[in-house]
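Each remark here refers to the structure printed beneath this line.
Each value in this text was obtained by applying a stated rule to the coordinates, not by laboratory testing. These figures come from a predicted structure and were not determined experimentally. Positions of Cβ are generated from backbone atoms using ideal geometry, with glycine treated the same way; all protein chains shown enter the neighbour counts.
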Amino acid sequence: MSAADKVVRPEIRAMRAYQVSDATGLVKLDVMESPYGLPKELAEEVGRLVAGLSLNRYPVPTAQKLRALIRRVMQVPAGCDVLLGNGSDECIQYITASVAREGAVVMAPTPSFAMFSMHALFYRLRFAGVPLRADFSLDAEAFLAAMAKECPALVWIAYPNNPTGNAFPVADIERIVRAAPGLVVIDEAYQPFAGATFMPRLAEFENMAVMRTVSKIGMAGLRLGYVAARPEWIEAFDKVRSPFNVNVVTEAVAIKLLENKAVLDAQAARVLAERERMRPELERLPGLTVYPTAANFFLVRVAGGKGAGTRVFDALKAQGVLVKDFSGGVPSLENCLRITVGTPDENRILLTAMREAL
Ligand SMILES: *Cc1c(COP(=O)(O)O)cnc(C)c1O
């Protein structure tokens, strides 16, 4: 037994670290990034901006200017505040930490975003997943029954959901928020591709928060997420925050890019148009089930027995395309692949490779 084995918590020893594939030389369609970089002029402005920063100084801990800008451009309702995170992954950590009483339960539909259950584990909370139906639709009755039984302190609803891509019915989410004994966080990581949002309804529900990220609209490398809610929630999350969690480069560059949000919106619109163009092309392929999506990716299931999905994944990779393979994890995702929407060229390569692979 190593010295680490003696002291590291057994449930941490038993975990696999978060897997990110090496995408060198591949068409990268695995993690829902925007396929578009910045226009040259804007990139040069960012370069000058970074050159002028005082990197010897700590960030302003409250990030006032960026928070005010986010409240304005993201239309956070009056009377609500925002907390910034080093990616929304970090917001998940802070939210979980702030409700982590002994014995508290965290709940979410499953499959959903892995970080919801991981942070529950880190903070010694019990994660109670409520399975989606076989077609990945939300079983609202089952979810409400599970909430009544488990009395969760925290409920996560990804809207749209990752990795399934679908957006659950608004009426079902409303029922969950109304019935929840604790906090419900709507994770709107894919809001730019979904159109719909719960943001304007924050004023209506005292026990709801809305979390977003800029990662899927072209700033994944910056690491910036945020959560909007009534001030009493934000004050609590803020107490468990690392004081300088958003660094000076992220803050300055995010301000510059959000001031130019029209550029990012236009890129997201191109991704959305490509998604709609790809959908019938994917649906036409034999041996592939294409699930409904309101996000910048498709979840598909490869027909066939055990190993069919991974065989297609490997064949795509051999042709230079990286997607995400869900086989070997949760059983409901066996033979499922998740394909991020890329540029028209990238999507053409993917579709050609997919025809070959199937
Ligand atoms: C990508 C994703 C996030 C995390 O985004 P970051 O801001 O990059 O940490 C959060 N929630 C869901 C559902 C996601 O798919």
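Observations
- Sequence-separation-based contact order of the stretch 139-277, relative, with Cα cut under 8 Å and 6+ spacing, percent: 18 percent
- Beta bridges per DSSP, both residues in the chain: antiparallel share near 50 percent.
- Share, in percent, of DSSP beta bridges within the stretch 56-260 that are antiparallel, nearest 5: 35 percent
- Taking one quarter of the surface of the convex hull spanned by the alpha-carbon atoms of the stretch 85-129 gives a direction-averaged projected area of 2.8 nm².
- Comparing Gly305, Gly320, Gly225 in a Gaussian network model of the chain (Cα springs below 10 Å), the most mobile by mean-square fluctuation is Gly305.
- For Ser34, Ser117, Ser88, order by how many other beta-carbon atoms lie within 10 Å, fewest first: Ser117, Ser34, Ser88
- Look at Met107, Met219 and count the other Cβ atoms within 10 Å of each Cβ; fewest to most, that gives Met219, Met107.
- Residue pairs, from the table Lys6/Lys28; Lys256/Lys317; Lys28/Lys261; Lys40/Lys65; Lys216/Lys256, whose Cα atoms sit over 28 Å apart: Lys6/Lys28; Lys256/Lys317
- Counting all C-alpha pairs of the chain, share separated by more than 34 Å (%): 29 percent
- In order along the stretch 134-151, the phi-based Karplus estimate (6.51 cos²θ - 1.76 cosθ + 1.60, θ = phi - 60°) of 3J(HN,Hα) comes to 4, 8, 6, 7, 7, 8, 4, 4, 5, 5, 5, 5, 5, 5, 4, 6, 8, 6 Hz; Gly and Pro are listed as x.
- Taking the chain as a Gaussian network of alpha-carbon nodes connected by springs under 10 Å, the highest mean-square fluctuation of the residues Phe168, Phe298, Phe122 belongs to Phe122.
- Using C-alpha pairs below 8 Å separated by at least 6 residues, the relative contact order for the stretch 211-259 is 29 percent.
- Bridgeable aspartates and glutamates around Lys306 (alpha carbons under 12 Å apart, same-chain partners fewer than 8 residues away excluded): Glu334.
- Of the residues Asn161, Gly342, Val106, the one whose Cα sits farthest towards the positive end of the charge dipole of the chain is Val106 (charges of +1 on Lys and Arg Cβ, -1 on Asp and Glu Cβ, taken about the Cα centre).
- Note on the chain: GNM, Cα springs under 10 Å; of Thr310, Thr164, Thr96, the largest mean-square fluctuation is that of Thr310.
- Put the Cα centre of the stretch 158-221 next to the Cα centre of the stretch 310-345 and the gap is 26 Å.
- Packing-based ranking, highest mean first, of 15-26, 283-294 given that Cβ atoms within 10 Å are counted: 283-294, 15-26
- Computed over the chain, the per-residue total of -39500 (n - 2.57) for DSSP H runs of n ≥ 4 gives a 222 nm mean residue ellipticity of -12000 deg cm²/dmol, rounded to 500.
- Fraction in percent of alpha-carbon pairs per bin - 5 Å, the stretch 56-260: 1, 7, 17, 21, 21, 16, 10, 5, 2, 0, 0
- Cβ crowding within 10 Å averaged over residues, with 54-61, 66-73 ranked highest first: 66-73, 54-61
- Cut-off 17 Å, label 7 Å out along Cα→Cβ of Arg355, residues of the stretch 274-289 by amide N: 277-288
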